[in-house]
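Colleague: Can you keep this structure in mind? I'll have questions shortly.
The values are calculated or read from the model by the stated rules, or taken from the named source; none is laboratory data. Treat the numbers as computed from the prediction; the structure is a model and nothing was measured. Using ideal geometry, Cβ is built from the backbone for each residue, glycine included, and neighbour counts are taken over all protein chains shown. Areas reflect the complete protein model, heavy atoms only, side chains present, ligands, DNA and RNA absent. Shrake-Rupley method; radii C 1.70, N 1.55, O 1.52, S 1.80 Å.
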Amino acid sequence: EELYNNNFCLINIEDGYEFKDGKWQQKENLDFGGKKPIILSFDDMTYDTKNRGIVDKVVAKNGEFYDYCECEEQQYSQERDIVPILENFIKTHPDFSYNGARAILCVTGYNGAFGHRVFEGSYLPASELESSKAQLSELVSLLKERGYKLGCHSYNHCNCIYTNHNNFVKDVNKWKNEIGSYIGKTNIYCYPGGLHKCKSQNNEYLKSNGFEIFLCTGKDFKQAEEDDIGATYFYRHPLDGTALRLCKEEYKEFFDTEKVYETARYVPFSLKRGYGA
């Protein structure tokens, strides 16, 4: 709501950028109806496996998105996960989505995808495994139909910098074989933790596997590394609780972080402790 009130609109990458001379470059003379463009991306897309009351999975039902939680009295909801929340916001504020834009969903694999346990060796009985595969396929079809972009976030939330190359290759291939077979080909790779090293053996392997758009994390936004042809790096502003507490000044162009901070969180906004502290 604050982004909308501050005249932002949601765009897809191709609305603001074009692939030219071996990399994605910002288009010229952009006009989004007087609104300021943003790109939204969400990481992990992994869900509860222990019936703790957190969302179990996202499902497609009657052409709509729902979050599902088995142990809650209201098992199906549209208020507990970012996908149905964003969809309902766009329904009531259609001008927030430019040209039908949606978010980028960056998917891991170690716990299935979107809460659906489709990986090999799943604890699910064969019949439930087949049902989960069918539900995931239906969900992915609807996500693509609505305009969501799907990206790879590694299989095991694998750190691109510190993972040795053999293990990194195994991780990428496992994601492609188990998760990519459902979500399809993608050129978007989202670094777990936002950590990366552009000129590295691991990064070169990603590019050799068709990845061109790399989502990083950092306070400063850079469109591309000029000396790294074939890849474009988008530096994102994280919107977790820690970033909202620590980056009030940097994020004021978007909204007042204290205003949107959830006061029911166990960490008060006044605490200026950083990541891992």
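Colleague: How much length is gained if the chain between residue 239 and residue 157 is pulled fully straight, taking 0.36 nm per residue apart and subtracting their Cα-Cα distance, in nm to one decimal?
Modeller: Between residue 239 and residue 157, full extension yields 27.7 nm more.
Colleague: List, largest first, the extents of the alpha carbons of the range 40-124 along their principal axes, each in whole Å.
Modeller: 43, 28, 21
Colleague: Compute a Gaussian network model of the chain, connecting alpha carbons closer than 10 Å, and tell me which residue from 196, 165, 116 fluctuates the most.
Modeller: The residue with the greatest mean-square fluctuation here is 165.
Colleague: Give the lysines whose C-alpha is closer than 19 Å to that of residue 35, dropping any in the same chain fewer than 8 places away, or say none.
Modeller: 27, 91, 252
Colleague: Mind telling me which of 156, 12, 51 comes out most flexible in a GNM of the chain, alpha-carbon contacts under 10 Å?
Modeller: With Cα springs under 10 Å in the chain, the top fluctuation among 156, 12, 51 is at 51.
Colleague: Say we join alpha carbon atoms closer than 10 Å with springs in a Gaussian network model of the chain; which of 127, 97, 141 then has the biggest fluctuation?
Modeller: Taking springs between Cα atoms under 10 Å, the residue moving most is 127.
Colleague: Still on this structure, please answer the following. How far apart, in nm, are two points set 7 Å out from the Cα along the Cα-to-Cβ line at residue 197 and at residue 20?
Modeller: 3.4 nm
Colleague: Follow-up. Rounded to whole Hz and in sequence order, give me ³J(HN,Hα) for the range 18-31 from the Karplus expression 6.51 cos²θ - 1.76 cosθ + 1.60, θ = phi - 60°, writing x for Gly and Pro.
Modeller: 9, 7, 8, 6, x, 7, 7, 10, 5, 6, 9, 6, 6, 9
Colleague: Count the lysine pairs in the range 96-221 whose Cα atoms sit under 13 Å apart, keeping only pairs 8 or more residues apart in sequence or on different chains.
Modeller: 5
Colleague: Work out which GluC sites (Glu not before Pro) in the chain are exposed loop sites (DSSP not H, G, I, E or B, at most 16 other Cβ within 10 Å) and give the longest gap free of them.
Modeller: 121-224
Colleague: Can you give the relative contact order of the chain as a percent, counting alpha carbon pairs under 8 Å and 6+ residues apart?
Modeller: 15 percent
Colleague: Right, something else. In the chain, which whole DSSP H runs stretch at least 20 Å along their own axis (Cα) and average -1.0 or higher on the Kyte-Doolittle scale?
Modeller: Qualifying helices, which must be both long enough and hydrophobic enough, are 126-146.
Colleague: Carbon and sulfur together cover what percent of the accessible area of the chain at a 1.4 Å probe radius?
Modeller: 47 percent
Colleague: If I ignore ligands, DNA and RNA and count only protein heavy atoms, how much of residue 52 is accessible to a 1.4 Å probe, in Å² to the nearest 10?
Modeller: That residue has around 150 Å² of solvent-accessible surface.
Colleague: May I pose another question? Please compute the length gained on full extension between residue 48 and residue 166, using 0.36 nm multiplied by the number of residues separating them and subtracting their Cα-Cα distance.
Modeller: Once the chain is fully extended between residue 48 and residue 166, it gains 39.5 nm.
Colleague: Hey, what's the range 105-206 come to in accessible area per residue, 1.4 Å probe, Å²?
Modeller: Dividing the accessible area of the range 105-206 by its residue count gives 45 Å².
Colleague: Per 0.36 nm of contour for each residue apart, how much would the distance between residue 74 and residue 260 grow if the chain were fully extended, relative to their Cα-Cα spacing?
Modeller: 64.4 nm
Colleague: If you don't mind, there's one more thing I want to ask. Apply the a/c threshold of 1.5 to the C-alpha gyration tensor of the range 109-153 and tell me whether it is rounded, prolate or oblate.
Modeller: Oblate, since a/c reaches 1.5 and b/c is not below a/b.
Colleague: Which value, in debye to the nearest 20, describes the size of the charge dipole of the chain about its Cα centre when Lys and Arg Cβ atoms bear +1, Asp and Glu Cβ atoms bear -1, and nothing else is charged?
Modeller: 520 debye
Colleague: Could you tell me what fraction of 2.2 N^0.38 Å the Cα radius of gyration of the chain comes to, as a two-decimal ratio?
Modeller: Cα-based Rg divided by the globular estimate yields 1.02.
Colleague: If you don't mind, there's one more thing I want to ask. Write down the Å³ per residue value for the convex hull defined by the alpha carbon atoms of the range 1-151.
Modeller: Here the figure is 133 Å³ per residue.
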